[in-house]
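A.B. asks: Right, I'll just put the structure down here and ask away after.
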Amino acid sequence: MRIGLKIRRLALLAGMAVCALGVSAAEAAEKHKIFLSMSYIGNDWQAEAANMVKAMAAHKSLADKVDLQVQVAGPNAQRQIQQINAMVQSGAEAIVVYPISPTALNQVVKNACDKGVKVFAYDAEITEPCAYNVHIDQLEAGRVTAEWLVKKLNGKGNIIAITGVPGTSVDDQRTKAAKEVFAKYPDIKIVGEAVGMWSQAVARTELSKILATRNWNDINGLWMQVGCFTANSMQLEAGKKASELLPCAGEGSNGGRIQMLPEGTEVEGAAPPYAPAGAQRISYASPPYSGALALKLAVEAIEGKDVPKTTILPLPVVTNETIKLCDEGTWAEMKAGCNAFKPSLVSNPGWFASIFSDQTPEVGLNAALVGQPEN
Amino acid sequence: MISVSSPASVGFGLRRALARNRGALIAASVLAILLFVVDWISAGPLTYFDVSFLSSGGATSALAAIGQTIVILSGGFDLSAGAVISLVNAVLASSMDPMAPGASIVLWTAVGIGVGMAVGAFNGFFIAVLRMQPIVVTLSTMFILQGVTLLVMDKPGGFVSPDLGSFYLGDAIAGWLPMPLVVIGVVLLAWFWLKGTRFGTALYAVGSDADSAAAVGINIVLVRFAVYVIAGGCYGLAGVFISAQTGSGDPLVGNPLLLSMFAAVVVGGTRLGGGQGGPVGSVFGAFILMMVVNILLVLNVSAYYATIAEGTILVLAALAGSLSHTSVLAVQLRAARARLAAWRAGILPSQLERVDRRLRVSGPLHGKRDAALPPPALYRRNAEVLRYALPAYVCLLVIVIVTQIWLGRAILNPGYWNSLLVLSSFLAVLALGQGTVILTGGLDLSVPWTIGISGIILAGMVNGSDAALVYALPVVLVMACAIGFANGSGIVYLGISPIVMTLATNGILQGFALLYSQGTPAGFSSPMLRWFMTARLGFVTPVVLLMVVFVALAVLLLGRTPFGRRVYGIGNGLRAARLSGIGVERTLILVYMLSAVCAALVGVMLTGFSGQASLGMGDDYLLPSIAVVVVGGALITGGRGHYLGMLGGVLLLTALQMLLAGTTLPYATRAILYGLVVLGAVMALRERQPH
């Protein structure tokens, strides 16, 4: 019985192996072997970023140059170390990585660099100097959003802060920068603070907890890393009119962007609370295209072009003055300035809408949604 | 004895040794097969470098798994292991001086092990001396340590001397033996020495049967205390190793290691509950789990399938480890054959003539209660329930009063109570499922992605239409039944341990959820569902009314139905339950189905609450679902607990979180306070009499 089982398993593995070898041997002859090591795949941002990387690899400009293999490391830095080692061993030319920890990978990345492998980190950072980093300036993100909120409140009022994942550099930098701004205005008081884990669902439970002992009328503004869409929905549920929504500095979810459109705007597929409400917002994001851009830069680096070690992406900021609805969401359309997508196309309001970059004409809305590149 | 052994006794001794170490041996052979497969499939042959990388990759988990195994052998459970690794990493990285790159390996290793042992002593004090349940104590410790770690180091950074790295990751014999293997070997040698001492015998004895161990004069307080201290030392060493490996600090580095550590222990052949197995198997188990990373890479398994493949490999490894003449699967197959034969011969009990074969007992036994013996008073009948359920409610009262004093607007504010009940409703539903599983002595780790996939499928089908809800809800609940059936069948018919089976199911469900949603869950809740979770009828949200009905039904289900009695029966003793004619298999499968249905219900409720479903929406509910059950007075090993107690636990933890959320205390302080309150709340639950 036991032997039978093992033989069957071996046969299965062998079958899979033959397929894998057959495919890769035929195609990978002259392609660059590039690996993507993702973190935990079970959240919306990660899945969207992965779609964009896959779309980039499938674009006609790269499809016959790149053999991309995607692997998931889960939330475990130890596994990512192991995974990167295995990628180096199996002959990677470049590794694009969403680093689970900015520091824990340093040794293994250095080892990879020593063997001539280009390592590109996207969104978060790897502190090892030989790695290439592609991300936004998180301090700027915290500062710009906090300054916007202070200005909206004329330097006076009670605010609630919902932060990200405690113990990460990104959360630390954003929160510290924002609090430095708030500290300059003695009349701005943070009356409630909760850990939002960068999730709309968590933001709702945390806000509900805070509001159990408080009232929306005691609060003047919200600073959230993720959760403005949820906060606005909660205010509408509590009976506020759209014109009374509190100013909210927060993430670039498509739901939040749609709410920023003037109340009464006709939008296909909109249904409250995922509907225009004229909400006062500044919407920023760690853009999910960073992985796709990292892949593109990695190919350039392999081909011998000069790529800077650090690429600081421009902070995508949208306010009520710059909000504009896209029709189809092609790259060309976004280049012309649109930055929100119809609910009929993007049915998940928590979906991250900051997918446009000057540098990535290969990927548009379909890339982020289903991994299809632009033509 | 060595000189006069006859060939026969050698054979006997060898067979016995094989039988005793079967778990470890099978884990070793699975590892060998995996190594062979990787070697065979990958482009080049395995070189020394590959082996060296693999050994350093698995070493942290292996070292921690050794500690966890020792705890489990003694009948305990340690959830603080991952947090200890993070703490040691943070302490080392923040106290080494980057200006003086040289460092003493002995000193810093001692610091790491010392920190781990100190935490172990903290755990040991509450568990051994105060006789509290290991799972609650170590869960509280986990929260406290996460807070302390963030106080030591609030973001990744710091510096660990390269000397440490070159020592721990280098070669013991260049080109032949990597240092990580030597470190693991040294720890295992120390274990073998320990096992041979009186303490080692006592350890297995306590794990097998604490009462008997105490009866033969073993000081079980001392043994248990020492176990946690030794295990803490192992986690400390694992923390030193990961510090050496990464060269810097990250306050979150150890936390995700926890669940895979348990998987490693179980795959390595150690039985949860104690008394059987050993750390050698766990080391192989840890390496098997690490090898999976390489297998997925060489097979180029697509990202969405990765968790499915991992789950499958986990189940297969556990199956391979348990296959033998006496394994559950073999017994089930034999039983099925016997049933088939009996059916053919026409002697199956159901095929026999129906004759009343009950014993004829005359007298009042079956009839009315004797009038001379009045039923015991209400409080006497419920003394047990009260004793274990009351502490949660007393603490709840204290928390509410503190909230009133600190934040105001609590006791007389109907909005506060409504929020408390709405936010509690998720855990209250989960507590019935998880609680029933725990009452039978199991654990359901598939809760997070049962929630996730239910919410995602429901939102996708409903897509804002109330009419669609009418058929979407039954579809989701039927799917949950299937998930629970799969869990239960794997546990009952294949004999896979509940932890491994449900952990694997969780991974497989995650894969399905990703495939179904293509990474972007579509759809949103219907207006009615959202109304149900967020609207107000006067002062209450509609879901609160449902909760009242749900609680009443749950109390009836566990307390007043045959199903409930069977659950308690199984938890109090599997064999006794089977001998008293309980259909153990059927009941257990129903229990896991109940748990899955409860989780699916929570997925539906969360979708209504948030308005949409998201990937990972259930991730934050696993540990709390276990915590509330135990805080409410249930015994993690099964057989004791009442739903009203669990409900008290739910309300207590939710009220506590609401209190902490209303303050502006830093997160680290909140985590520490949370852990301390949980620890304090269950202080009253400790066993009165020493064993």
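A.B. asks: Being buried (at least 22 other Cβ atoms within 10 Å of the Cβ), touching a helix residue (DSSP H, G or I) at 6+ places or on another chain (Cβ under 9 Å), over 23 Å from A:Ser199 (Cβ atoms) and not acidic (Asp, Glu): is that true of A:Val97 here?
C.D. replies: Working: buried (at least 22 other Cβ atoms within 10 Å of the Cβ): yes; touching a helix residue (DSSP H, G or I) at 6+ places or on another chain (Cβ under 9 Å): yes; over 23 Å from A:Ser199 (Cβ atoms): no; not acidic (Asp, Glu): yes.
Answer is no for this residue.
A.B. asks: Against the definition (surrounded by fewer than 22 Cβ atoms within 10 Å (Cβ to Cβ) and over 23 Å from B:Ile72 (Cα atoms)), how does B:Thr246 come out, yes or no? Spell out how you get there, then give the answer.
C.D. replies: On the way: surrounded by fewer than 22 Cβ atoms within 10 Å (Cβ to Cβ): no; over 23 Å from B:Ile72 (Cα atoms): yes.
No.
A.B. asks: I'd like to check something: does segment B:487-509 contain any residue that is at the interface with chain A (Cβ under 10 Å from one of its Cβ atoms), within 28 Å of B:Val591 (Cβ to Cβ) and within 27 Å of the chain's Cα centre (by Cα)?
C.D. replies: The first filter runs over segment B:487-509 and keeps only residues at the interface with chain A (Cβ under 10 Å from one of its Cβ atoms), leaving B:507.
Next cut, within 28 Å of B:Val591 (Cβ to Cβ) only: B:507.
Those still in the list that are within 27 Å of the chain's Cα centre (by Cα) too: B:507.
The answer is yes; a qualifying residue exists.
A.B. asks: State yes or no: is B:Gly275 under 24 Å from B:Met132 (Cα atoms) and either in contact with a strand residue (DSSP E or B) (Cβ under 9 Å, 6 or more places away or on another chain) or surrounded by fewer than 20 Cβ atoms within 10 Å (Cβ to Cβ) (or both)? Show your work before the answer.
C.D. replies: Details: under 24 Å from B:Met132 (Cα atoms): yes; either in contact with a strand residue (DSSP E or B) (Cβ under 9 Å, 6 or more places away or on another chain) or surrounded by fewer than 20 Cβ atoms within 10 Å (Cβ to Cβ) (or both): yes.
Against the criterion (under 24 Å from B:Met132 (Cα atoms) and either in contact with a strand residue (DSSP E or B) (Cβ under 9 Å, 6 or more places away or on another chain) or surrounded by fewer than 20 Cβ atoms within 10 Å (Cβ to Cβ) (or both)), B:Gly275 qualifies.
A.B. asks: Which numbered condition trips up A:Ala55, out of (1) out of contact with any Phe, Trp or Tyr (no Cβ under 9 Å at 6 or more places or on another chain); (2) outside any helix (DSSP H, G or I); (3) under 25 Å from A:Glu300 (Cβ atoms)?
C.D. replies: Among (1) out of contact with any Phe, Trp or Tyr (no Cβ under 9 Å at 6 or more places or on another chain); (2) outside any helix (DSSP H, G or I); (3) under 25 Å from A:Glu300 (Cβ atoms), the lone unmet condition for A:Ala55 is (2).
A.B. asks: Okay, moving on. Being farther than 19 Å from B:Ser614 by Cβ, more than 23 Å from the chain's Cα centre (by Cα), modelled with pLDDT under 90 and small (Gly, Ala, Ser) narrows it down to one of A:Gly239, A:Gly304, so name that one. Steps first, answer last, please.
C.D. replies: Values: A:Gly304 fails: modelled with pLDDT under 90.
Only one candidate qualifies: A:Gly239.
A.B. asks: Consider B:Ala306 against the criteria (1) under 20 Å from the mean Cα position of the chain (by Cα); (2) within 8 Å of chain A (Cβ to nearest Cβ): it satisfies all of them except one. Which criterion is unmet?
C.D. replies: Every listed condition holds for B:Ala306 apart from (1).
A.B. asks: Still on this structure, please answer the following. Considering only segment B:203-220, how many residues are β-branched (Val, Ile, Thr) and outside any helix (DSSP H, G or I)?
C.D. replies: Let us first name the residues in segment B:203-220 that are β-branched (Val, Ile, Thr), namely B:206, B:216, B:218, B:220.
Subsequent filtering for residues that are outside any helix (DSSP H, G or I) retains B:216, B:218.
Going through segment B:203-220 one residue at a time, the tally reaches 2.
A.B. asks: Of the conditions (1) in a loop (DSSP other than H, G, I, E, B); (2) in contact with a strand residue (DSSP E or B) (Cβ under 8 Å, 6 or more places away or on another chain); (3) of a type in the set (D, E, K, R); (4) more than 10 Å from chain B (Cβ to nearest Cβ), A:Arg257 clears all except one; give me its number.
C.D. replies: With respect to (1) in a loop (DSSP other than H, G, I, E, B); (2) in contact with a strand residue (DSSP E or B) (Cβ under 8 Å, 6 or more places away or on another chain); (3) of a type in the set (D, E, K, R); (4) more than 10 Å from chain B (Cβ to nearest Cβ), A:Arg257 is out only on (1).
A.B. asks: Being away from chain B (no Cβ under 14 Å) and aromatic (Phe, Trp, Tyr) is the requirement here; does A:Trp331 meet it? Even if it seems obvious, please write down each step before you answer.
C.D. replies: On the way: away from chain B (no Cβ under 14 Å): yes; aromatic (Phe, Trp, Tyr): yes.
Considered against the rule, which asks whether it is away from chain B (no Cβ under 14 Å) and aromatic (Phe, Trp, Tyr), A:Trp331 comes out as yes.
A.B. asks: Please pick out the residue among B:Gly112, B:Gly158, B:Gly147, B:Gly82 that is outside the structural domain of B:Ile438 (by TED's automatic domain parsing) and more than 19 Å from A:Thr103 (Cβ to Cβ). Lay out the reasoning, then the answer.
C.D. replies: Details: B:Gly112 fails: more than 19 Å from A:Thr103 (Cβ to Cβ); B:Gly158 fails: more than 19 Å from A:Thr103 (Cβ to Cβ); B:Gly82 fails: more than 19 Å from A:Thr103 (Cβ to Cβ).
Being outside the structural domain of B:Ile438 (by TED's automatic domain parsing) and more than 19 Å from A:Thr103 (Cβ to Cβ) holds for just one of B:Gly112, B:Gly158, B:Gly147, B:Gly82, which is B:Gly147.
A.B. asks: Just for helices (runs of 4 or more DSSP H) wholly inside segment B:47-146: which have at least 1 residues that are more than 26 Å from B:Lys195 (Cβ to Cβ) and at pLDDT 95 or above? Please lay out each step first, then the result.
C.D. replies: On the way: elements: B:48-73, B:81-95, B:105-124.
Helices (runs of 4 or more DSSP H) meeting the threshold: B:81-95, B:105-124.
A.B. asks: Here's a follow-up. Has segment A:11-33 got at least one residue that is buried (at least 23 other Cβ atoms within 10 Å of the Cβ), modelled with pLDDT of 90 or more and more than 8 Å from chain B (Cβ to nearest Cβ)? Outline the logic, then answer.
C.D. replies: Taking segment A:11-33 and keeping what is buried (at least 23 other Cβ atoms within 10 Å of the Cβ), we get none.
No.
A.B. asks: Could you list, ordered by first residue, the pairs with Cβ atoms under 6 Å in which the first is in segment A:319-336 and in contact (Cβ under 8 Å) with a residue 40 or more places away in the chain and the second is surrounded by 12 or more Cβ atoms within 10 Å (Cβ to Cβ) and part of a helix (DSSP H, G or I), at least 6 apart or interchain?
C.D. replies: From residues that are in contact (Cβ under 8 Å) with a residue 40 or more places away in the chain, the pairs are A:Asn320/A:Met260; A:Ile323/A:Met260.
A.B. asks: Within segment A:349-375, restricting attention to residues that are of a type in the set (S, T, N, Q) and out of contact with any helix residue (DSSP H, G or I) (no Cβ under 7 Å at 6 or more places or on another chain), which residue is nearest to the other protein chains (Cβ to nearest Cβ)?
C.D. replies: Taking segment A:349-375 first, the residues of a type in the set (S, T, N, Q) are A:354, A:357, A:359-360, A:366, A:372, A:375.
From the residues that got through so far, the ones that are out of contact with any helix residue (DSSP H, G or I) (no Cβ under 7 Å at 6 or more places or on another chain) too are A:354, A:366, A:375.
Values: A:Ser354: 15, A:Asn366: 12, A:Asn375: 21 Å.
Among residues in segment A:349-375 that are of a type in the set (S, T, N, Q) and out of contact with any helix residue (DSSP H, G or I) (no Cβ under 7 Å at 6 or more places or on another chain), the one nearest to the other protein chains (Cβ to nearest Cβ) is A:Asn366.
A.B. asks: Pick out the one residue from B:Gly460, B:Gly488, B:Gly455 that is in a helix (DSSP H, G or I), in contact with a Ser or Thr (Cβ under 6 Å, 6 or more places away or on another chain) and either assigned by TED's automatic domain parsing to the domain that holds B:Trp531 or more than 19 Å from A:Asp44 (Cα to Cα) (or both).
C.D. replies: Details: B:Gly460 fails: in contact with a Ser or Thr (Cβ under 6 Å, 6 or more places away or on another chain); B:Gly488 fails: in contact with a Ser or Thr (Cβ under 6 Å, 6 or more places away or on another chain).
From the options B:Gly460, B:Gly488, B:Gly455, the qualifying one is B:Gly455.
A.B. asks: Could you check segment A:176-207 and list, in sequence order, the residues that are under 22 Å from the mean Cα position of the chain (by Cα) and of a type in the set (A, V, I, L, M)?
C.D. replies: A:Ala177, A:Ala178, A:Ala194, A:Val195, A:Met197, A:Ala201, A:Val202, A:Ala203
A.B. asks: Would you kindly identify the helices (runs of 4 or more DSSP H) lying entirely within segment A:76-164 that contain at least 3 residues that are over 26 Å from A:Phe182 (Cα atoms) and touching a residue at least 24 places away in the same chain (Cβ under 8 Å)?
C.D. replies: Numbers: elements: A:77-89, A:106-114, A:138-152.
Ranges flagged: A:77-89, A:106-114.
For (1) in contact (Cβ under 8 Å) with a residue 40 or more places away in the chain; (2) out of contact with any Ser or Thr (no Cβ under 9 Å at 6 or more places or on another chain); (3) within 11 Å of chain B (Cβ to nearest Cβ), each residue gets a yes or a no:
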| residue | (1), (2), (3) |
| --- | --- |
| A:Val170 | yes, no, yes |
| A:Glu180 | no, yes, no |
| A:Lys184 | no, yes, no |
| A:Gln200 | yes, no, yes |
| A:Ser208 | no, no, yes |
| A:Ile219 | yes, yes, no |
| A:Met224 | yes, no, no |
| A:Gly227 | yes, no, yes |
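A.B. asks: Still on this structure, please answer the following. Could we say that B:Ala8 is modelled with pLDDT of 80 or more and assigned to a helix (DSSP H, G or I) here? Before you say what the answer is, go through the steps one by one.
C.D. replies: Details: modelled with pLDDT of 80 or more: no; assigned to a helix (DSSP H, G or I): yes.
Spelling it out, it is not the case that B:Ala8 is modelled with pLDDT of 80 or more and assigned to a helix (DSSP H, G or I).
The values are calculated or read from the model by the stated rules, or taken from the named source; none is laboratory data. It should be emphasised that the depicted structure is a prediction, and the values quoted were computed from it without experimental measurement. Here Cβ is always computed from backbone atoms with ideal geometry, including for glycine, and neighbour counts include all displayed protein chains.
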